[in-house]
Amino acid sequence: MLNDKASGLYSTFYSLGEILAPNIGSILYTKVGYRTTCDILAFTALIYAVVYFVLNVGINIFEKERLHRK
């Protein structure tokens, strides 16, 4: 049941990204230009990478340390 919900959410947001990303990219390109659009998208990707690292990798490292101390 949980796998079905996770798969559904993944498919939903993947499809939503396919629809919204070109539109958002073209709006940014029109308003601020190519270079600034690339900078904004690179900064956004960096933020997502940091959040992923903290929430996934960081928690795993913290839990391994906690289990190792016991």
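Tabulated data for the structure shown
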{"quantity": "Percent of C-alpha pairs per 5 Å bin, the chain, short to long", "calculated": "3, 13, 11, 14, 17, 13, 11, 7, 5, 3, 1, 0"}
{"quantity": "Selection from LEU28, ALA49, GLY17, by position along the positive dipole direction of the chain (Cβ)", "calculated": "ALA49"}
{"quantity": "Nearest 10 degrees, 0 to 90: helix 2-32 Cα axis against the chain principal axis", "calculated": "40"}
{"quantity": "Cβ-Cβ FRET estimate between VAL50 and LEU16, R0 fixed at 25 Å, reported to 0.05", "calculated": "0.65"}
{"quantity": "Estimated FRET transfer efficiency when R0 is 35 angstrom, pair PHE62-THR36 (beta carbons, to 0.05)", "calculated": "0.40"}
{"quantity": "Nearest-20 debye value, the chain charge dipole, Cβ charges on Lys, Arg, Asp, Glu", "calculated": "300"}
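Readers should treat all values here as calculations from the given coordinates under stated rules, not as data from a laboratory. For clarity, every value in this text was computed on a predicted model and none was experimentally measured. Cβ: placed from backbone, ideal geometry, glycine included. Neighbour counts: every protein chain shown.
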